[in-house]
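Asks: Input: one structure, supplied below.
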Amino acid sequence: MAVAATTKTGARPSRAGRRLSAPAWVGTVPFLAYVAIFLLLPTGIVIVDALKNPNGSWAFSNVTELGNSLVRGYFIGSFKLCLISSLAGAVLGAILAYAIASGDPDGAVRRLYLAASGVLAQFGGVTLAFAFQVLIGPTVGLLFHASWYYSFPWGIALIYTYFQIPLMVLVFLPAIDGVKVQWREASENLGASAWQYWRYVGGPLLMPAFLGGLLLLFANALSAFATIQAWENQIAYIVPQQISTALSSEVGLSNVNVADLLALGMVVMVAIVMTGYALLQRRAARWLR
Amino acid sequence: MAPVTALNETPAAAPAGRPGGLQVRRRRRLNLFRYVVFTLFGLFFVLPLLALGRFSLEGSKLGTWSLTAWRQIASYQGSGIPPLLSAIEITLELAVITCVVTMALLLPTMIWIRLRVRWLTRTMEILCLLPLTIPAIVLVVGLGPVYNRIQHYELSSLMLFWAYVILALPYAYRALAAGLNAVDVETISEAARSLGASWFTVIFRVIVPNMRQAILNALLLTWALVLGEFTIAYLLLYSNLQVELYSISRNTPNAGVLFSTSFAALLFAFILLLILSFVGRRRGRG
Amino acid sequence: MTSSPVTRTRDGAARDAVEVRMEGLSRHYGPVVALDRLDLTLQPGELIALLGPSGCGKTTTLRLLAGLEDADSGHITVGGKDLTHVSAAKRDMGMVFQAYSLFPHMTVRQNVAFGLRLRRVEAAKRDRRALEMLDLVGLSTQADRYPHQLSGGQQQRVALARALAIEPQVLLLDEPLSALDAKVRAQLRDEIRRIQLEVGITTLFVTHDQEEALAIADRVGVMREGHLEQLAPPIEVYSRPATSFVAEFVGLSNRLSGVVRAGDVTVRGCTLPLVERDTPDGEVVALIRPEAVTLASRAAAESGPLVGTVIAVTFLGATSRVTVDLGDASVMAQLSTSDATELSAGSRVALTIRPDPVLVSADPAAGSVADDEA
């Protein structure tokens with residue numbers, strides 16, 4: 001019996017008892033190499049270039065550029081849009097998740113909404129903007145004409161909630177499922193009204209998961225680009241749009257560094273948010289497994 | 001896992017003859033809440049899709065019906081090269097390539113790590129979830145130089161798949177991880193090995209067939225991702241479905257073909273999802 | 001046991017234990033009848049254990065009493081007050097669940113004090129009472145830990161402390177020991193009984209483990225398919241089972257054929273008195289406890305209806321169960337281990353049956369633990 005450490009490409013195990021003596025982790029090299037080249041390398045390039053001058057020398061002071069009012073404006077714009085859409089998405093998504101969770105665990109409704117959430121959480125971008133344009137845009141507006149459709153951030157925030165809510169459902173539903181029936185019954189038995197239950201037990205237990213979901217939605221909105229670009233591409237409101245402008249503008253090499261800088265700023269923001277999310281998830285998992 | 005307020009375990013509705021007990025009233029109030037919520041949210045989610053569909057069937061005058069937009073999918077020239085149809089083609093090809101590469105890269109590696117290189121699990125998890133923290137827009141800025149080199153050789157948009165695989169990692173990873181967790185990998189691989197199977201056989205003939213649902217899930221997510229991808233293609237100046245739709249919309253904001261294509265793509269995704277859930281149900285879980 | 005046990009309130013004033021009366025309780029889920037006109041009364045300060053297989057309705061009874069479910073019909077009266085339509089939160093009962101009922105985000109102390117907090121007891125008093133209760137269950141050193149840091153047994157003690165902290169009128173325990181290890185189970189079982197007696201509270205204890213029920217209850221209620229088959233002190237349920245179901249559910253039974261004549265039944269050569277003297281004459285199946293089967297004296301014959309070959313000897317500690325093949329039937333005898341030491345598979349033994357009153361049934365129904373009929 002030939003026992004061989006095959007690589008992930010499934011190289012045929014050698015016959016006749018000859019052993020490949022490579023350690024097991026060699027099998028993960030293709031994956032690691034791929035990720036290194038196409039994920040870590042670009043990220044590294046962004047960080048490095050952000051901290052360099054156009055002529056190639058190091059300039060850590062570039063980071064202070066992030067403080068200038070113009071750049072700040074984009075970050076504030078991003079922040080506003082993300083905050084509104086993630087708050088709305090989190091609250092509404094939580095309500096929807098609760099409605100789904102309190103029904104028959106094997107029922108058709110639950111499966112339908114879960115499946116829909118899976119698809120709709122991904123449904124963003126250009127096509128979503130088209131859909132809303134047709135629904136409530138000033139020109140077509142099959143449902144009605146919303147004069148605020150092109151307002152920032154409210155118009156675009158509405159569109160963002162379309163994919164934020166399903167994402168919240170996907171993330172928050174397991175938490176609600178993890179709330180044990182016994183906690184409700186025990187608190188009732190001890191004399192709690194529904195309101196007291198939520199205030200002292202249900203609420204606190206779900207809070208980490210809720211906040212985690214909120215952060216995830218925030219990060220999700222931060223990264224979004226296609227939707228807002230299709231919605232309105234003449235004015236750059238948020239960081240991704242400004243990155244796009246910087247990249248496609250032809251005003252010399254200096255703009256590449258701007259793009260890198262903005263990208264760096266974005267990465268830092270998202271990283272902070274995602275760390276918060278991970279910490280909250282761990283707390284939620286401990287209580288609601 | 002019991003739902004939060006399933007206080008009475010009655011599978012059926014409240015039987016007749018029960019005096020309106022407290023639990024029954026509570027259940028009724030809850031059901032009312034649920035129906036209201038589902039209706040409102042259902043409307044919110046369905047209306048834009050309906051609008052998309054309705055407008056795609058719109059004729060030249062508002063209120064009329066016409067299939068023009070749909071017929072145009074195949075023939076629309078658009079603002080530049082290529083016509084819409086070839087953009088669709090490219091995107092579909094990209095989707096297939098991305099799915100294949102993602103699966104080939106992820107699946108054996110995940111199983112291998114699970115079986116033989118346990119200590120890399122955490123690392124892999126972090127790497128696979130990293131793209132969520134490094135958004136496409138950032139990736140593009142860093143990929144620019146890399147792709148510039150490739151551009152020299154004037155390769156087609158298909159080269160985008162290198163980046164798409166990265167984008168798909170978090171979703172595919174999570175789907176596959178769920179499937180892997182549902183299978184007692186250690187035990188069945190040990191059993192297979194004790195019967196004389198090589199590692200290759202263990203991975204592809206023993207474990208993978210048990211992960212069919214998860215694999216299909218991962219494929220669906222990857223597929224949906226590629227069909228919907230815009231940012232990277234747009235900023236690297238390639239053309240795919242979304243970019244093409246975008247440029248059409250810049251020139252003719254209400255071109256019917258935009259909506260028919262969008263609706264078709266969406267429909268396609270839903271059909272795939274339905275198929276997936278059918279397969280899932282027949283096989284039971286995982 | 002005193003005639004009217006008192007529960008102690010935080011002011012030290014005595015409070016009488018209450019009577020719990022359930023009359024005509026019925027509950028069904030769709031077509032399935034969970035409870036069928038159940039009548040059950042708990043005397044003040046009494047601990048009744050409801051025992052039965054899954055689906056017999058014992059948990060339903062408990063939950064109806066707690067108010068967590070609504071009865072289809074019937075009344076519940078506690079301490080003279082009709083609680084049938086009162087919400088669970090207002091019934092003033094303490095409940096211990098099978099598992100998972102402690103609030104994971106609160107410390108042990110906070111968990112125990114929760115009910116008091118809801119009743120707006122001020123913090124200092126709350127704390128004192130919580131510690132008092134934790135003392136009662138022996139966990140005052142764990143007051144500031146979180147549930148996930150405690151073992152299963154400790155968690156259940158905290159649950160008990162929490163239930164008692166609010167000075168409920170009734171204590172309800174829903175299979176509180178089922179999720180625990182065997183050793184912890186036995187310990188905690190005795191603890192619970194000790195505490196219940198000390199506090200003197202009327203208690204309903206649901207379990208599927210007959211050993212538990214027999215060990216701690218004042219009375220045991222054996223249930224089956226929504227009915228109460230027998231409600232009596234443990235010893236009576238064990239030695240004078242009212243129905244064959246009870247006889248077979250509680251303890252082990254041998255099923256041996258016999259003939260009734262004039263108030264006695266003859267089983268394999270031994271004449272035994274009947275529990276029900278007016279059983280009509282005829283052929284019956286006698287239910288005989290293994291402990292009633294003993295070794296015959298040395299002077300017994302080499303062959304006879306109760307002579308056979310040992311099939312197996314199961315060592316159980318102080319006693320051993322010996323299964324003997326009598327040719328046309330097999331029988332289990334529970335002997336002291338010292339008596340069983342000379343026996344092993346294959347040895348010949350002569351047995352006899354002690355003349356304890358015996359329950360017989362006319363139907364050779366299935367479900368018995370010992371043995372097959374010819």
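Here, each number is a calculation from the coordinates, and none is a lab measurement. Just so it is clear, the model here is predicted, and its values are computed rather than measured. Note that each Cβ is placed from the backbone with ideal geometry, even for glycine, and that neighbours are counted across all protein chains shown.
Asks: Can you give me the P(r) profile for the range B:70-285? Cα pairs, bins 5 angstrom wide beginning at 0, each as a whole percent.
Replies: 1, 7, 13, 15, 16, 14, 12, 9, 6, 4, 2, 1, 0, 0
Asks: Right, something else. Within 10 Å, at most 13 other Cβ atoms, and a DSSP state outside H, G, I, E, B define an exposed site. Report the longest part of chain A free of exposed chymotrypsin sites (Phe, Trp or Tyr not before Pro). Show your work: numbers first, answer last.
Replies: Details: sites that count: A:Phe60, A:Phe144, A:Trp148.
Looking at chain A, A:149-289 is the longest stretch - no exposed chymotrypsin sites (Phe, Trp or Tyr not before Pro) with at most 13 other Cβ atoms within 10 Å.
Asks: Run the reach check for A:Lys52 against aspartates and glutamates, Cα to Cα strictly under 15 Å, same-chain hits fewer than 8 apart removed. What comes back?
Replies: A:Glu65, A:Asp260
Asks: Regarding chain C, what are the three Cα extents along the principal axes, ordered largest first, in Å?
Replies: Projected onto its principal axes, the Cα set of chain C covers 79, 44, 40 Å.
Asks: Quick one: of A:Lys80/A:Lys180; C:Lys58/C:Lys125; C:Lys58/C:Lys81; A:Lys180/C:Lys90, which pairs are farther than 26 Å apart, Cα to Cα? Let's see the in-between values first.
Replies: Details: A:Lys80/A:Lys180 36 Å; C:Lys58/C:Lys125 36 Å; C:Lys58/C:Lys81 23 Å; A:Lys180/C:Lys90 22 Å.
Over 26 Å Cα-Cα: A:Lys80/A:Lys180; C:Lys58/C:Lys125.
Asks: Here's a follow-up. Taking the Cα centre as origin and putting +1 on Lys and Arg beta-carbons and -1 on Asp and Glu beta-carbons, what dipole magnitude results for chain C, to the nearest 20 debye? Spell out each step's value before the answer.
Replies: Numbers: 39 positive and 48 negative charges, 359 e Å.
Computed charge dipole of chain C: roughly 1720 debye.
Asks: Restricting to DSSP loop positions (anything but H, G, I, E, B) with no more than 14 other Cβ atoms inside 10 Å of their own Cβ, which trypsin sites (Lys or Arg not before Pro) remain in the range C:58-165?
Replies: Details: sites: C:Lys58, C:Arg63, C:Lys81, C:Lys90, C:Arg91, C:Arg109, C:Arg117, C:Arg119, C:Arg120, C:Lys125, C:Arg126, C:Arg128, C:Arg129, C:Arg145, C:Arg157, C:Arg162; in loops: C:Arg91, C:Arg119, C:Arg120, C:Arg145.
Of the trypsin sites (Lys or Arg not before Pro), the ones in loops of the range C:58-165 whose Cβ has at most 14 other Cβ atoms within 10 Å are C:Arg119, C:Arg120.
Asks: Calculate the mean, over all residues of peptide B:47-59, of how many other protein chain Cβ atoms lie within 10 angstrom of the residue's Cβ.
Replies: On the way: counts 6, 14, 6, 5, 12, 9, 2, 3, 7, 2, 0, 3, 0.
Whole-number average of other-chain Cβ neighbours for B:47-59 is 5.
Asks: Now a separate question. Across peptide A:175-182, how many C-beta atoms of other chains are within 10 Å of each residue C-beta, on average? Mind dumping the intermediate values first?
Replies: Values: counts 0, 3, 4, 2, 5, 9, 12, 11.
Averaged over the peptide's residues, the number is 6.
Asks: Same structure, new question: What value, in deg cm²/dmol to 500, does the helix sum -39500 (n - 2.57) over DSSP H runs of n ≥ 4 give at 222 nm once divided by the residues of chain C? Present the calculation step by step, with values, prior to reporting the outcome.
Replies: On the way: 9 runs with 89 residues, N = 374.
The helix contribution divided over chain C gives -7000 deg cm²/dmol.
Asks: Using a 10 Å cut-off around each Cβ of peptide A:91-97, what is the average number of partner chain Cβ atoms that fall inside? Intermediate results must be reported in sequence, preceding the final value.
Replies: Numbers: counts 0, 4, 1, 0, 4, 7, 0.
That average works out to 2.
Asks: Residues with beta-carbon under 14 Å from that of C:Val310, excluding C:Val310: net charge, scoring Lys, Arg +1 and Asp, Glu -1? Spell out each step's value before the answer.
Replies: Numbers: positive: C:Arg321, C:Arg348; negative: C:Asp325, C:Asp339, C:Glu342.
Overall, the nearby charge balance is -1.
Asks: Place +1 on the Cβ of every Lys and Arg and -1 on the Cβ of every Asp and Glu in chain C, take the dipole about the Cα centre, and give the residue among C:Val324, C:Val20, C:Gly251 whose Cα lies farthest towards its positive end.
Replies: C:Val20
Asks: Now for a different question. May I ask you to derive the relative contact order of the range B:70-285, considering only C-alpha pairs under 8 Å and at least 6 residues apart, and to give it as an integer percent? List each step's numbers first, then the result.
Replies: On the way: 187 pairs, mean separation 69.0, N = 216.
Taking the mean separation of contacting Cα pairs over the length of the range B:70-285, I get 32 percent.
Asks: In the neighborhood of C:Val322, defined by Cβ-to-Cβ distances under 13 Å, what is the net charge if each Lys or Arg adds +1 and each Asp or Glu adds -1? Mind dumping the intermediate values first?
Replies: Details: positive: C:Arg321, C:Arg348; negative: C:Glu291, C:Asp325, C:Asp339, C:Glu342.
Surrounding charge for C:Val322 is -2.
Asks: Quick one: Debye curve from the alpha-carbon atoms of the range C:1-159 only, equal weights, vacuum; give me log10 I(q)/I(0) at q = 0.13, 0.16, 0.17 Å⁻¹ to two decimals.
Replies: -0.77, -1.09, -1.18
Asks: Here's a follow-up. Between Rg and the Kirkwood Rh of chain A, both from Cα atoms, what is the Rg to Rh ratio?
Replies: Across chain A, the Cα-based Rg/Rh ratio is 1.08.
Asks: Which one of C:Val220, C:Val170, C:Val32 has the biggest mean-square fluctuation once chain C is modelled by GNM with Cα springs under 10 Å?
Replies: Checking each option, the largest mean-square fluctuation is seen for C:Val32.
Asks: Quick one: what Rg and Dmax do you get for the protein assembly as shown from the alpha carbons, in Å?
Replies: When restricted to the Cα atoms of the protein assembly as shown, Rg and Dmax are 36.3, 118 Å.
Asks: Another question, then. Please name whichever of C:Ser140, C:Ala232, C:Val78 sits farthest to the positive end of the charge dipole of chain C, dipole taken about the Cα centre and charges placed at Cβ: Lys and Arg +1, Asp and Glu -1.
Replies: Final value for the positive-end residue is C:Ser140.
Asks: If you don't mind, there's one more thing I want to ask. Mind listing which GluC sites (Glu not before Pro) in the range C:43-133 are in a DSSP loop and have 16 or fewer other Cβ atoms within 10 Å?
Replies: Values: sites: C:Glu46, C:Glu69, C:Glu122, C:Glu132; in loops: C:Glu46, C:Glu69, C:Glu122.
Within the range C:43-133, the qualifying GluC sites (Glu not before Pro) (loop, at most 16 other Cβ atoms within 10 Å) are C:Glu122.
Asks: Just from its helices, what would the mean residue ellipticity at 222 nm be for chain A, if runs of 4 or more DSSP H residues each count -39500 (n - 2.57) and the sum is divided by every residue, rounded to the nearest 500 deg cm²/dmol?
Replies: Numbers: 13 runs with 190 residues, N = 289.
Taking each H run of at least 4 residues, the total per residue is -21500 deg cm²/dmol.
Asks: Averaged across orientations, what area in nm² does the convex hull of the alpha carbons in the range A:138-289 project? All intermediate terms of the calculation are to be shown ahead of the outcome.
Replies: Numbers: hull surface 49.4 nm².
The directionally averaged projection comes out at 12.3 nm².
Asks: Moving on to the next point. Please tell me the relative contact order of chain A in percent, rounded to the nearest whole number, where contacts are Cα pairs under 8 Å and at least six residues apart. Could you put the intermediate results ahead of the total?
Replies: Details: 347 pairs, mean separation 68.4, N = 289.
24 percent.
Asks: Using Stokes-Einstein with the Kirkwood hydrodynamic radius over Cα pairs, what translational diffusion coefficient do you get for the range C:65-172 at 37 °C and a viscosity of 0.692 mPa s, in µm²/s rounded to a whole number? Don't skip to the answer; put the middle values down first.
Replies: Values: Rh = 14.5 Å.
The estimated diffusion coefficient comes to 226 µm²/s.
Asks: So, with +1 on the Cβ of K and R and -1 on the Cβ of D and E, and no other charges, what is the size of the charge dipole of the range A:47-110 about its Cα centre, to the nearest 20 debye?
Replies: Dipole magnitude for the range A:47-110 comes out near 240 debye.
Asks: Note the direction-averaged projected area, equal to a quarter of the hull surface, for the Cα convex hull of the range C:19-93, in nm².
Replies: Values: hull surface 19.4 nm².
Result: 4.9 nm².
Asks: Would you compute, for the Cα atoms of the range A:159-242, the largest minus smallest coordinate along each principal axis and list the three values in descending order, in whole Å?
Replies: Computed over the Cα atoms, the extents are 60, 18, 16 Å.
Asks: With θ set to phi - 60° and the Karplus curve 6.51 cos²θ - 1.76 cosθ + 1.60, what are the ³J(HN,Hα) couplings of the range C:331-344 in order, to the nearest whole Hz, using x for Gly and Pro?
Replies: Rounded to whole hertz, the list is 9, 9, 10, 9, 10, 5, 4, 5, 5, 8, 4, 7, 8, 8.
Asks: Note down, for the range A:111-221, the three equivalent ellipsoid semi-axes (square root of 5 times each alpha carbon gyration tensor eigenvalue), biggest first, whole angstrom. Could the numbers behind the result be given before it?
Replies: Details: eigenvalues 270, 46, 33 Å².
Taking √(5λ) for each eigenvalue gives 37, 15, 13 Å, largest first.
Asks: Find out how many positive minus negative residues lie around C:Gln43, taking Lys and Arg as positive, Asp and Glu as negative, among other residues whose Cβ is under 11 Å from that of C:Gln43. Display every interim value, and only then the final one.
Replies: Details: positive: C:Arg21, C:Arg219; negative: C:Glu19, C:Glu46, C:Asp218.
Residues close to C:Gln43 contribute a combined charge of -1.
Asks: A further question on this structure: Might you report the magnitude of the Cβ-based charge dipole of the protein assembly as shown about its Cα centre, with Lys and Arg at +1 and Asp and Glu at -1, to the nearest 20 debye?
Replies: The calculated dipole for the protein assembly as shown is roughly 2520 debye.
Asks: Just the C-alpha atoms of the range A:150-200: what Rg/Rh do they give, with Rh taken as the Kirkwood radius?
Replies: Numbers: Rg = 17.5 Å, Rh = 13.7 Å.
Here the Rg-to-Rh quotient is 1.28.
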